[in-house]
Amino acid sequence: MVRYTAFHDRTRALNTTELWSHWAGYLAADRYQLSEKFEYFAIRNSVGMFDTSPLYKYRIQGGDAETFLAGLLTRNIRKCRPGNAQYTIWCDDNGFIIEDGVIIRQSETEFLLSTAEPNLAYFEDRIGRLQVTIDDISDDMAALAVQGPRSKTILTELIPEVAGLGYFQATEAKIGEAPVVISRTGFTGDLGYEIWVENDYGLAVWDAVARAGEGYGILPFGTTALLMARIEAGLALIDVDFSSSRYAWTDADRTTPMELGLGWMVRDIDDGDRQFIGRRAILREMVAGSRWNLIGLLIDWRDWFDVYDRNGLVPPKDHLPHESESILYDATDQPVGYATSLMYSPMVQRHIAIARVQPELAVPGNQVNMEVTINHTWQQVKAQTTRMPFYNPPHKTA
C-alpha cells in the first residue's frame, strides 16, 4: 500500500509533473515542475523545501543510551553533547559499513536518529541488559528540509533561535503552535536546516515556512534536484556509492569507513575506553592498508568533446545524475577503480564523478581513464582525481 507523508496535501497540489517515486513506501516527488534544474538553483541561489519524511526515525533514550550508542556507532557519540548532531555510521564485526545516518542529541539520555533503511530489529538485538528503549517514530514524525543560502533568514523569522544555531547543532522550538526540533543539517552541501515535527502539525509547519519564504523565491524541490546537489557536495549515497554490508553478497560489494573517506570518524580509535562493533577489524585495516580510497573526478572536457565528436555525436552535458558504475583504467589499460555517480555540474561547469581508486592513485591531480559507452562500444575519456566536495560554499558552515 502506498503511503503519504504529512505534507502530501501540499506536495500533491504543487507537483505539476505528477512524477513520483516510491521511497520507503511513501510517494516522493521527483520534480514539481518541468525543469528540475530550476529547483536545483533554488537550493544554490535562494532556498528550497524538500519533504524528507520517508527517512526512518528512531528515538533512543534511557540511562544507558550513551553507552549503548558508543558500542554501536563507529563515530564517538560521547563527543556529541546535548544540542548537537553528528553524521555517523555503524559497522559489522568485519569493519564493513552497515549504514549511515544523522543523530541528534536532545539531552543526556535522549537521541533522535534518522536513517535511510530500517534498522530497528538490528538495534534492539544489541540492547542486552542496558537501560535503553528504542521507539520507531518513523510513521509519527514528518521532516522538512529547508536548504539554501536564504534558509537562515527565512527560518529566523519563524524561530529566532536559528540565528545562533551552528553547523550540526540542534534545538527544540515552536513554529506557531507546533513543537519542533530543528537541526542545521541536510544533504545538499549548502546552508540548510531540517525541521522534525509530529505529523499532526506537518501542514501548519509547511505553510509557515512557505509564507516566510515568499519574496525569497522559495520553491519545493524533488529528489532529482537533491541528488544533483549531493554529488556536488561529495556526499555518498547508500545503494549507489556503497552498499549495506547486510545486503551485499560479497566483500567486493562491501565498504569500510576508510574506503568511503570516513577515516576521520575513527581518529580516536586508539582510546582504550572506546569499544564499538567493528573496531578490531578497522584497526587491522589501518595496519594492512585499504583496498580503495574515495575521491572525486574531474572529467577532461576536451577529451570528452573529442571522444563524442569522433563518433559523430554532440557531446552531452547532462546534469541528471548517472548512478551506475563506470570502470577506471590507468595508462596501461589496467582497471584501477570505478566511478559510481556522474553528472554535469551546473556550479563547476564540468562533468564530475564520485569514485574509488587504488590508494596510490588517490593523490589529487593523478590521471585515470573512465570508461563510457558510446555507439554501443566501450571507450575511454581522461579524468583527473581531485578532493571533494566539488562545491563547498563558505555560508554552509559560517
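Mind telling me which of the residues Leu72, Leu34 ends up being modelled with pLDDT under 95, of a type outside the set (S, T, N, Q) and out of contact with any helix residue (DSSP H, G or I) (no Cβ under 6 Å at 6 or more places or on another chain)?
Only one candidate qualifies: Leu34.
Under 8 Å between Cβ atoms, which residue pairs at least 6 apart in sequence (or on different chains) link something in the stretch 85-102 that is on the phi > 0 side of the Ramachandran plot with a partner that is among the basic types (Lys, Arg) and in a loop (DSSP other than H, G, I, E, B)?
Nothing qualifies.
On the given criteria, is Glu214 without any contact (Cβ under 8 Å) to a residue 12 or more places away in the chain, surrounded by fewer than 24 Cβ atoms within 10 Å (Cβ to Cβ) and over 30 Å from Glu99 (Cα atoms)?
When the stated conditions are applied, Glu214 passes them.
What number of residues within the stretch 321-341 satisfy the criterion of being open to solvent by 50 Å² or more (accessible area, probe 1.4 Å), over 14 Å from Thr373 (Cα atoms), part of a loop (DSSP other than H, G, I, E, B) and of a type outside the set (Asp, Glu)?
So the count comes out to 3.
Could you tell me which residue of the stretch 217-229 is surrounded by the fewest Cβ atoms within 10 Å (Cβ to Cβ), considering only residues that are in contact with a helix residue (DSSP H, G or I) (Cβ under 6 Å, 6 or more places away or on another chain) and either among the aliphatic types (A, V, I, L, M) or at pLDDT below 95 (or both)?
Among them, the one singled out is Leu219.
Just one of (1) in contact with an Asp or Glu (Cβ under 8 Å, 6 or more places away or on another chain); (2) open to solvent by less than 20 Å² (accessible area, probe 1.4 Å); (3) in contact (Cβ under 8 Å) with a residue 60 or more places away in the chain; (4) within 22 Å of Glu259 (Cα to Cα) trips up Pro393, so point out which.
(4)
I'd like to verify a number: residues in the stretch 291-320 that are buried (at least 20 other Cβ atoms within 10 Å of the Cβ) and either in contact with a Cys (Cβ under 8 Å, 6 or more places away or on another chain) or assigned to a loop (DSSP other than H, G, I, E, B) (or both), how many?
The total comes to 1.
Got a sec? Which of Ile195, Ile182, Ile175 is in contact (Cβ under 8 Å) with a residue 40 or more places away in the chain and open to solvent by less than 40 Å² (accessible area, probe 1.4 Å)?
It is Ile195.
Which of (1) farther than 27 Å from Pro394 by Cβ; (2) in a strand (DSSP E or B) is the odd one out, the single condition Phe50 does not satisfy?
All conditions pass for Phe50, except number (1).
Given the conditions (1) within 27 Å of Ser151 (Cβ to Cβ); (2) open to solvent by 20 Å² or more (accessible area, probe 1.4 Å); (3) in contact with a strand residue (DSSP E or B) (Cβ under 7 Å, 6 or more places away or on another chain); (4) of a type outside the set (S, T, N, Q), and given that Asp92 satisfies all but one, which numbered condition is not satisfied?
The number of the failed condition is (1).
Looking only at the stretch 257-289, which residues are within 18 Å of Gly234 (Cβ to Cβ) and either part of a loop (DSSP other than H, G, I, E, B) or without any contact (Cβ under 8 Å) to a residue 40 or more places away in the chain (or both)?
Pro257, Met258, Glu259, Leu260, Gly261, Leu262, Gly263, Trp264
Trp304: more than 30 Å from Gly148 (Cα to Cα) and in contact with a Pro (Cβ under 6 Å, 6 or more places away or on another chain), yes or no?
Criteria met by Trp304.
Sort out which residues of the stretch 76-114 are among the charged types (D, E, K, R) and under 16 Å from Thr255 (Cβ atoms), and write them in order of number.
Listed by number, the residues that qualify are Asp92, Asp93, Glu99, Asp100.
Considering only the stretch 55-68, state which residues are of a type in the set (D, E, K, R), more than 30 Å from Ala6 (Cβ to Cβ) and not in a loop (DSSP other than H, G, I, E, B).
Glu66
Let me confirm something: among Lys174, Lys152, which residue is among the basic types (Lys, Arg) and in a strand (DSSP E or B)?
Lys174
Taking the stretch 69-83, which residues are surrounded by fewer than 17 Cβ atoms within 10 Å (Cβ to Cβ) and either outside any helix (DSSP H, G or I) or of a type in the set (Phe, Trp, Tyr) (or both)?
Those that are surrounded by fewer than 17 Cβ atoms within 10 Å (Cβ to Cβ) and either outside any helix (DSSP H, G or I) or of a type in the set (Phe, Trp, Tyr) (or both): Arg81, Pro82, Gly83.
Given the criteria closer than 22 Å to Leu158 by Cα and not basic (Lys, Arg), does Ser244 qualify?
no
Is it true that some residue in the stretch 87-98 is farther than 19 Å from Arg246 by Cα and among the aliphatic types (A, V, I, L, M)?
no
Take the residues of the stretch 4-44 that are exposed (fewer than 14 other Cβ atoms within 10 Å of the Cβ) and of a type in the set (D, E, K, R): which is farthest from Val146 (Cα to Cα)?
Glu18
Look through Asp135, Asp207 and report the one residue that is in a helix (DSSP H, G or I), surrounded by fewer than 15 Cβ atoms within 10 Å (Cβ to Cβ) and either at pLDDT below 95 or not polar (S, T, N, Q) (or both).
Asp207
The values are calculated or read from the model by the stated rules, or taken from the named source; none is laboratory data. Remember, predicted model here, so these are calculated numbers, not experimental data. Positions of Cβ are generated from backbone atoms using ideal geometry, with glycine treated the same way; all protein chains shown enter the neighbour counts. In case anyone asks, the SASA skips ligands and DNA or RNA and just uses the protein heavy atoms, side chains included. Shrake-Rupley method; radii C 1.70, N 1.55, O 1.52, S 1.80 Å.
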